[in-house]
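Below is one structure; the comments refer to it alone.
The values are calculated or read from the model by the stated rules, or taken from the named source; none is laboratory data. Computed from a predicted model, the values in this text were never measured in an experiment. Using ideal geometry, Cβ is built from the backbone for each residue, glycine included, and neighbour counts are taken over all protein chains shown. Note: areas computed on protein heavy atoms with side chains; ligands, DNA, RNA excluded. Shrake-Rupley method; radii C 1.70, N 1.55, O 1.52, S 1.80 Å.
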Amino acid sequence: MATELKRQNRYIPALSIASAINERLNCLFPSTFNNSNTNRALMFSEANRRETFTKWPHMDYKWALPDQMAQEGFYHQRNTIGDDRAMCFTCVVCLVCWEPTDEPWSEHERHAPTCPFVRGEYTQNAPLSVNYATAPAITL
């Protein structure tokens, strides 16, 4: 169903819902439905989330850039139904069809207002600043 919605190549609100359902099925039945190689446990790290955006199709957008997307809890999960599929590491909200004026935090808050990350609750998020602070010293 999600593949057919994407094939229509226009804004379809049900596309994000279908993609989220697919992701939840992947969690419940990984051997049956899983078409992704993303290890979600690694996505607690903002640095790891940032690395998933190497092929992000919207590098010319004002707000939805890799650094901001990772900081706001998203990782890029390319699949057959959308190259701009962004998933939250906590609530697994799936957002697709990003537009040039979309701002990651407001989109996350609008589509997943009960997300623990959005609400500022403990989520095991490791911000990029933590990674820099705990990295080994570089010898010159």
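Worth pointing out:
- For the stretch 43-59, filtering for residues that are within 14 Å of Trp98 (Cβ to Cβ) and open to solvent by less than 20 Å² (accessible area, probe 1.4 Å) leaves 2.
- Here Gly82, Gly73 are screened, and the one residue that is modelled with pLDDT of 95 or more, open to solvent by less than 30 Å² (accessible area, probe 1.4 Å) and of a type in the set (Gly, Ala, Ser) is Gly73.
- Test result for Gln68, in contact (Cβ under 8 Å) with a residue 24 or more places away in the chain, open to solvent by 40 Å² or more (accessible area, probe 1.4 Å) and part of a helix (DSSP H, G or I): yes
- For the stretch 112-124, the count of residues that are among the polar types (S, T, N, Q) and at pLDDT below 90 is nonzero.
- All positions within the stretch 100-117 that are without any contact (Cβ under 8 Å) to a residue 12 or more places away in the chain and not small (Gly, Ala, Ser): Glu109, Arg110, Pro113
- Check on Arg24, at pLDDT 85 or above and assigned to a helix (DSSP H, G or I): no
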